1. From the residues in segment 206-251 that are open to solvent by 60 Å² or more (accessible area, probe 1.4 Å) and among the acidic types (Asp, Glu), which one is farthest from residue 67 (Cα to Cα)?
2. Check whether at least one residue in segment 5-19 is surrounded by fewer than 17 Cβ atoms within 10 Å (Cβ to Cβ), under 17 Å from the mean Cα position of the chain (by Cα) and within 30 Å of residue 178 (Cβ to Cβ), and report yes or no.
3. Take segment 145-165 and flag every residue that is of a type in the set (A, V, I, L, M, F, W, C) and open to solvent by less than 50 Å² (accessible area, probe 1.4 Å).
4. As an exercise: evaluate residue 37 against (1) farther than 26 Å from residue 207 by Cα; (2) over 16 Å from the mean Cα position of the chain (by Cα); (3) modelled with pLDDT of 95 or more and give the number of the one condition it does not meet.
5. Taking segment 116-136 as the search range and keeping residues that are under 20 Å from residue 95 (Cα atoms) and out of contact with any Lys or Arg (no Cβ under 7 Å at 6 or more places or on another chain), which one is most open to solvent (accessible area, probe 1.4 Å)?
6. State the number of residues belonging to segment 67-101 that are surrounded by 13 or more Cβ atoms within 10 Å (Cβ to Cβ) and at positive phi.
7. How many residues does segment 118-173 contain that are among the acidic types (Asp, Glu), part of a strand (DSSP E or B) and under 15 Å from residue 83 (Cβ atoms)?
8. What pairs can you find where one residue is in segment 54-77 and under 20 Å from residue 201 (Cβ atoms), the other is surrounded by 19 or more Cβ atoms within 10 Å (Cβ to Cβ) and of a type in the set (Asp, Glu), and their Cβ atoms are less than 7 Å apart, with a gap of 6+ or different chains?
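The values are calculated or read from the model by the stated rules, or taken from the named source; none is laboratory data. Being a predicted model, the structure only gives us computed values, none of them experimental. A quick note on method: Cβ atoms are made from the backbone with ideal geometry, for glycine too, and the neighbour counts reach across all protein chains shown. Side chains are part of the model used for accessible areas, which takes the heavy atoms of the whole protein and leaves out ligands, DNA and RNA. Shrake-Rupley method; radii C 1.70, N 1.55, O 1.52, S 1.80 Å.
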Amino acid sequence: MDELPGRPIWIELFTPDPDAAQDFYGTLFGWTSEDAGPEYGGYRLLLRAGAPVAGLMRNDGQGPSAWAVYLETDNAADTVAMAQANGGQVVVEPMQIGDRGTMAVVTDPAGAMVGIWQPDEHPGFAALGEDDAPAWFELLTTAYDASIPFYENVFGWDTHRLSDTPEFRYTTLGSDDLARAGLMDGSAFLGDEGPAWSTYIQVADADAALAKAVELGATEVDAPQDTPYGRLASFADPQGVRLKVMGPNRG
């Protein structure tokens, strides 16, 4: 994997029912799980082919359940300070997680929550852009013009304007085949949802993955649709947490 500054490095599911979520995602993507140990408060690692691709932790009512995206940093404290200096707010102050690394959580100028991870022994997800692994990360924001300099200044993003038409404003971290994440102007359609980061899991067949998710108790949110970036779909899992999948276009 590349080493773009500020690249997505980890995803984490915050859910009211970790056991049910583990069963759901295990059946859907073939993921297994591993308890991180009693010193980590019940945190679980979700494994693909025996290697970590995501985290799982219980939500005891501290906030909304969601899939979180963590961006890489080599100094979490400095990144948090930069976030504050650029219009962000601190949600979780930098916290050392054993020998694994240091985490923090901030919000960007639009209020979208984003995690920060400074790796030590835990380098992040072990697979990217492979079937049943994270493949793309996207911020839908209502403050597009403010968000671009925020991620540039706070995380050192090398940004590229993919499109800047009134209908489709989109900026990527990295360019072309090296792009690793996107910021999209969602002002026209986000409504009450509010700005948020989301993750796409790559699958062999988006239609089959969505159908299987629904069979397992999920709710369809966006039906599969061919796009220039693959066939995309999304669902809300049985606990109501949204996730997106992407597979090959059907033509």
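1. 215
2. Of the residues in segment 5-19, the ones surrounded by fewer than 17 Cβ atoms within 10 Å (Cβ to Cβ) are 5, 16-17, 19.
Filter once more, keeping what is under 17 Å from the mean Cα position of the chain (by Cα): 5.
Still in the running and within 30 Å of residue 178 (Cβ to Cβ): 5.
Yes, some residue in segment 5-19 is surrounded by fewer than 17 Cβ atoms within 10 Å (Cβ to Cβ), under 17 Å from the mean Cα position of the chain (by Cα) and within 30 Å of residue 178 (Cβ to Cβ).
3. Taking segment 145-165 first, the residues of a type in the set (A, V, I, L, M, F, W, C) are 146, 148, 150, 154-155, 157, 162.
Matches in segment 145-165: 146, 148, 150, 154, 155, 157.
4. For residue 37, the failing item is (3).
5. Here is the first cut: in segment 116-136, the ones under 20 Å from residue 95 (Cα atoms) are 116-125.
From what's left, out of contact with any Lys or Arg (no Cβ under 7 Å at 6 or more places or on another chain): 116-119, 123-125.
Numbers: 116: 0, 117: 19, 118: 47, 119: 46, 123: 88, 124: 3, 125: 6 Å².
Per the criteria, the residue is 123.
6. 2
7. We begin by selecting, within segment 118-173, every residue among the acidic types (Asp, Glu); these are 120-121, 130-132, 138, 145, 152, 158, 164, 167.
Keeping just the survivors that are part of a strand (DSSP E or B) gives 138, 164.
Okay, now just the ones that are also under 15 Å from residue 83 (Cβ atoms), so none.
Total satisfying the criteria: 0.
8. 54/12; 55/12; 57/12; 68/12; 70/12
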